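Visitor: I'd like to ask some things about the structure below.
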Amino acid sequence: MDWSNVTAEELVDALREVDWKAPRPVWEFVSKFSIPKNQSKWTSRLKCNIYYYRTNYLVLLVLALALALLRRPLGLLGAALSLVALMCFNDPFTSSLNDAAVRLVRKVHPHSASLLRSRCSASSGSLVATSRQRQGNVKVLGLSRPLFVLLLAAGALYCWYRSRAWLGLALALLAGTCVPLCHASLRSPNLKARLASAREEFRAVWRGYQADIAHHDYTL
């Protein structure tokens, strides 16, 4: 896969659709560094590493926030809410979060859980809709995704305001973004990263092929 031809918008779409699996091994994460030869090599490497080591970079951000806000419980709660809001932009995570929340509600009030499940199912669209369309329309506890993310962000801002941990938050965000950017710029893409990218590219093409079949009018 030629990452130099991948735009930033396409990278964001890929991160939104892909499953966020376990972090890559530490020995792999901290080996084989080199300086890119030119800007084209640098941008290609940056996009490839952001996609391949996405979970590792998220773990670094979580650790930075946890260390900076360790003595501020409200600040930690705000960080947790903001991270959940950020991950809600990922379709598989949002679907899993909604399913887990509905199961939790079912243990307390089964009737409410049935109503929530039917409302979420109605938002998924018709049976011929593609998987991407169904995931893009997913709701969390009956709320639309933008509204749910907005509520989480408001809760995070309130927690940070009450904890007065703005300096620690700023330092954590600075470290949690600069370190991954430096790593993504200097880590040489390995064969496993290229193979994983090729597999995801094939799956994307195959999903598009299946969508074309589902929408094809065979009466023509």
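Visitor: Can you name the number of the only condition in (1) loosely packed, with under 11 Cβ neighbours inside 10 Å; (2) within 27 Å of S95 (Cα to Cα) that K47 fails?
Guide: (1)
Visitor: Identify all residues within region 65-109 that are surrounded by fewer than 18 Cβ atoms within 10 Å (Cβ to Cβ), within 30 Å of A14 (Cβ to Cβ) and free of Cβ contacts under 8 Å to residues at least 40 places away in the same chain; write none if there are none.
Guide: A66, L83, L86, S96, D99, A100, R103
Visitor: Taking the conditions exactly as written (surrounded by 13 or more Cβ atoms within 10 Å (Cβ to Cβ) and within 30 Å of S96 (Cβ to Cβ)), does K21 satisfy them or not?
Guide: No.
Visitor: Can I ask one more? I'd like the full set of residues that are at pLDDT 90 or above and among the hydroxyl-bearing types (S, T, Y), limited to region 52-79.
Guide: Y53, T55, Y57
Visitor: Name the residues in region 31-43 that are hydroxyl-bearing (S, T, Y) and either outside any helix (DSSP H, G or I) or closer than 20 Å to T177 by Cβ (or both), would you?
Guide: Those that are hydroxyl-bearing (S, T, Y) and either outside any helix (DSSP H, G or I) or closer than 20 Å to T177 by Cβ (or both): S31, S34, T43.
Visitor: Right, something else. Identify, from the list S82, S95, the residue that is over 30 Å from S163 (Cα atoms) and part of a helix (DSSP H, G or I).
Guide: Answer to the check: S95.
Visitor: Okay, moving on. Which condition does R24 not pass, out of (1) modelled with pLDDT of 85 or more; (2) farther than 30 Å from R164 by Cα; (3) part of a helix (DSSP H, G or I), if it passes all the others?
Guide: Failed condition: (3).
Visitor: Quick check on region 1-21: of everything there that is in contact with an Asp or Glu (Cβ under 8 Å, 6 or more places away or on another chain) and assigned to a loop (DSSP other than H, G, I, E, B), which residue is farthest from S185 (Cα to Cα)?
Guide: Only one residue fits best here, namely V18.
Visitor: Further question: Looking at (1) over 30 Å from K37 (Cβ atoms); (2) at pLDDT 90 or above, find the lone condition where L181 falls short.
Guide: Failed condition: (1).
Visitor: Right, something else. May I ask you to verify whether N49 is in contact with a strand residue (DSSP E or B) (Cβ under 6 Å, 6 or more places away or on another chain) and not aromatic (F, W, Y)?
Guide: It is true that N49 is in contact with a strand residue (DSSP E or B) (Cβ under 6 Å, 6 or more places away or on another chain) and not aromatic (F, W, Y).
The values are calculated or read from the model by the stated rules, or taken from the named source; none is laboratory data. Everything quoted here is computed from the prediction, not taken from an experiment. Because the Cβ atoms are built from the backbone with ideal geometry, glycine has one as well, and the counts that use them run over all protein chains shown.
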